[in-house]
Amino acid sequence: MVMQTDVAGKPTSGLLEQGENTPDIHSALPGPIGEQIIERDEQVVSPSYTRSYPFVMDHGKGCMVWDVDGNRFIDFTAGVAVLSTGHCHPEVVKAVQQQAEKFIHMAGTDFYLPNAVELAETLCRVTPGDFDKQVFFTNSGTEAIEAAMKLCRHHTGRPVLISFLGAFHGRTYGSMSLSSSKSLHRTRYQPLVGGIYHAPFPNPYHSPFANVPTEQLGRACVDYIEKTMFRHLVSPDEVAGIFVEAIQGEGGYVVPPDDFYPALRELCDRHDIPLVVDEVQSGIGRTGKMFAIEHWGVEPDVVCIAKGIASGLPMGAIVARKSMMTWPSGAHANTYGGNALAVAAAITTLRLVEGGLMRNAVTVGEHMQKRLNTWIERYSFVGDVRGMGLMLGVEIVSDKATRAGDHDLRDRIVDECFAKGLLLLGAGPATIRFCPPLILDEATADEGLAVMEGVMDSI
Ligand SMILES: Cc1ncc(COP(=O)(O)O)c(C=O)c1O
């Protein structure tokens with residue numbers, strides 16, 4: 001038996017049988033049972049979902065998943081950066097089971113819930129900034145963004161919101177209106193929420209300003225807001241908030257240069273504009289800090305959280321300066337926010353992330369990045385390797401000189417890795433993203449990367 005352990009030596013992913021951290025594919029993909037389920041799915045489930053290959057989940061353990069035909073895969077997706085503690089972490093399972101026996105739901109909007117108070121206290125402690133804060137619980141990332149949008153407008157009495165090109169903040173009307181990662185997300189949904197403007201994002205590999213050196217790119221984008229947008233489009237005293245993903249996720253795992261966040265914070269301070277950081281994908285230890293914005297020492301006024309917070313239970317939250325939470329009783333609420341099972345999972349998840357998984361994300365992330373970096377020399381089609389901790393991206397290009405993304409080749413690599421037993425996801429036009437569970441160990445990381453190299457060597 002192999003027991004995966006976190007750096008504190010505690011069991012993290014339960015017991016794996018010897019050799020269970022390698023792929024085992026022994027049927028066609030999908031297999032006969034999976035095929036039947038996909039056929040039924042096609043009859044009754046919306047075609048708008050974005051399935052790129054036919055993985056039909058049966059069960060999961062740690063970083064491994066099994067399909068309904070008994071094939072075993074390494075999971076570098078963690079259900080899109082959600083399963084921070086891996087699949088079915090025994091302590092999360094236990095916490096949810098124990099809570100389910102006590103009560104499952106009791107409307108945090110209308111009643112007081114002790115565990116939700118404990119979680120809110122923890123979130124106030126672990127978010128950046130040594131000032132008083134308050135928490136609003138949601139059920140998802142998009143709902144956290146909606147709450148932050150409403151809070152900014154309510155608190156400031158100003159109408160306008162600014163976000164960045166390439167951003168993804170969600171798919172409900174407000175968050176979709178802030179987003180601009182793909183026009184498909186907006187097609188046939190116009191008109192969107194009004195009063196939203198998009199600024200250029202300092203993408204070092206695909207710079208919006210051709211002649212600006214990377215180390216000055218962040219400042220150049222902030223200058224654009226100040227000198228162009230504030231001059232021609234909107235007065236700063238009408239801006240209720242600036243929304244930014246700490247690291248762009250769906251847009252392609254894009255890490256901004258170091259001068260960006262200090263300049264953006266300074267701009268917001270000068271015009272009394274709340275800075276809202278979307279940590280839905282980058283938060284909860286994934287980058288090696290609890291929140292990615294901490295890498296730049298900047299304290300946002302509002303932090304939006306979801307995905308990794310509850311190891312797979314649907315939960316989100318915003319954590320805002322207490323001085324901003326000026327909305328009165330009834331101004332915003334929901335039915336499920338602070339749901340007891342999600343809260344139990346979140347309290348346990350945060351304990352495990354603080355207790356070692358965050359450090360593990362640094363160690364294993366560095367280990368992976370070292371190997372990924374060798375790919376730039378090794379493969380003519382690997383243009384860029386980037387990221388922090390276990391939020392890593394590899395951009396596939398058709399031409400290293402022009403940096404033109406190769407969308408089809410990226411999809412082909414992802415599909416062929418699936419066929420060999422590794423689950424991956426794309427991000428942006430041509431990036432492969434790595435967002436595995438934070439319990440990933442170096443041996444399993446190497447198994448997954450070896451699968452990729454096998455596929456890429458044959459291209
Ligand atoms: C940065 C970011 N914000 C918001 C969202 C929306 O979260 P959800 O899908 O839970 O609504 C996502 C989802 O991918 C995201 O990556």
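Give the shape of the chain as rounded, prolate or oblate, defined through the alpha-carbon gyration tensor: a ≥ b ≥ c are the square roots of its eigenvalues, a/c under 1.5 means rounded, and otherwise the shape is prolate if a/b is larger than b/c and oblate if not. Oblate is the answer for the chain, as a/c is 1.5 or above yet b/c matches or exceeds a/b.
Looking at the P(r) of the range 370-417, how many percent of alpha-carbon pairs lie beyond 12 Å? Taking all Cα-Cα pairs of the range 370-417, the fraction more than 12 Å apart is 63 percent. Judged by the gyration tensor of its Cα atoms, with axes a ≥ b ≥ c, the range 248-392 is oblate; a/c meets the 1.5 cut and b/c is at least as large as a/b. Taking a Cβ cut-off of under 11 Å around SER180, the surrounding Lys, Arg, Asp and Glu residues balance to a net charge of +1, with basic ones at +1 and acidic ones at -1.
Taking other Cβ within 10 Å of each residue's Cβ, how do THR50, THR109, THR326, THR127 sort, fewest first? Intermediate values should be presented prior to the final figure.
Numbers: THR50 7, THR109 14, THR326 11, THR127 25.
If I rank by nearby Cβ atoms, fewest first, I get THR50, THR326, THR109, THR127.
Work out from phi, with θ = phi - 60° and the Karplus expression 6.51 cos²θ - 1.76 cosθ + 1.60, the ³J(HN,Hα) of each residue of the range 55-69, listed in order in whole Hz, and give x for Gly and Pro. Per residue, the Karplus-derived 3J(HN,Hα) values read 8, 10, 5, 10, 8, x, 8, x, 9, 10, 9, 10, 8, 5, 9 Hz.
In the chain, helical runs assigned H by DSSP with n ≥ 4 each contribute -39500 (n - 2.57); averaged across all residues and rounded to the nearest 500, the mean residue ellipticity at 222 nm is -9500 deg cm²/dmol.
Please give me the summed charge of the neighbours of ASP258: other residues whose Cβ is under 11 Å from its Cβ, Lys and Arg +1, Asp and Glu -1.
Numbers: positive: ARG219; negative: GLU215, ASP259.
Charge balance near ASP258 sits at -1.
Across the options ALA120, ALA107, GLY195, the greatest Cα extent toward the positive end of the charge dipole of the range 106-338 (unit charges at beta carbon of Lys, Arg, Asp, Glu) belongs to GLY195. Rounded if a/c is under 1.5, else prolate if a/b is larger than b/c, else oblate: which is the range 406-459, with a ≥ b ≥ c the root eigenvalues of its Cα gyration tensor? Cα axes put the range 406-459 in the oblate bin.
Can you give the % of DSSP beta bridges in the chain that are antiparallel, to the nearest 5? Once the DSSP bridges in the chain are tallied, antiparallel ones form about 70 percent. Panel order for THR228, THR402, THR156, by other beta carbons found within 10 Å of each beta carbon, from fewest to most: THR402, THR228, THR156.
Which whole-angstrom value gives the distance between the alpha carbon centres of the range 429-459 and the range 252-309? Centre-to-centre (Cα) distance: 27 Å.
Using the Cα centre of the chain as origin and beta-carbon charges of +1 (Lys, Arg) and -1 (Asp, Glu), tell me which of HIS59, PRO30, ALA95 is placed farthest towards the positive end of the dipole. Of the candidates, ALA95 comes out farthest on the positive side.
Give me D for the range 106-338 in µm² s⁻¹, whole number, from Stokes-Einstein with Rh from the Kirkwood sum over alpha-carbon pairs, 4 °C and 1.567 mPa s.
On the way: Rh = 17.8 Å.
After rounding, the answer is 73 µm²/s.
Peptides 78-84, 333-339, 206-212 ranked from most to least packed give 78-84, 333-339, 206-212, packing being the mean of other C-beta atoms within 10 angstrom over each peptide's residues.
Computed packing ranks the peptides 284-293, 179-188, 448-457 as 284-293, 448-457, 179-188, most packed first, by mean other Cβ atoms within 10 Å. Residue ranges 17-28, 162-173 sort as 162-173, 17-28 when ordered by packing (mean number of other C-beta atoms within 10 Å per residue, highest first).
Let's see if you can work this out: charge +1 on each Lys and Arg Cβ, -1 on each Asp and Glu Cβ, no other charges. What is the dipole magnitude of the range 76-162 about its Cα centre, in debye to the nearest 20?
Numbers: 7 positive and 9 negative charges, 50 e Å.
Roughly 240 debye for the range 76-162.
Stretching the chain fully between GLU366 and ILE459 yields a gain of 30.9 nm (0.36 nm per residue, less the alpha carbon separation).
By the scheme Lys and Arg +1, Asp and Glu -1, what is the net charge of all other residues having a beta-carbon under 15 Å from that of VAL222? Before the final figure, lay out each step's value.
Details: positive: ARG219, LYS227, ARG231, ARG265, ARG270; negative: GLU215, ASP223, GLU226, ASP258, ASP259, GLU266, ASP269.
For residues surrounding VAL222, the net value is -2.
Total lysine pairs in the range 106-338 at Cα distances under 20 Å, for residues eight or more apart or on different chains: 5. Here the dipole of the chain is about 940 debye; that uses its Cα centre as origin and unit charges on the Cβ of Lys and Arg (positive) and Asp and Glu (negative).
The numbers here are math on the coordinates, done by the rules we state, and not lab data. Worth saying up front: this structure is predicted, and the values here are computed from it rather than measured. A quick note on method: Cβ atoms are made from the backbone with ideal geometry, for glycine too, and the neighbour counts reach across all protein chains shown.
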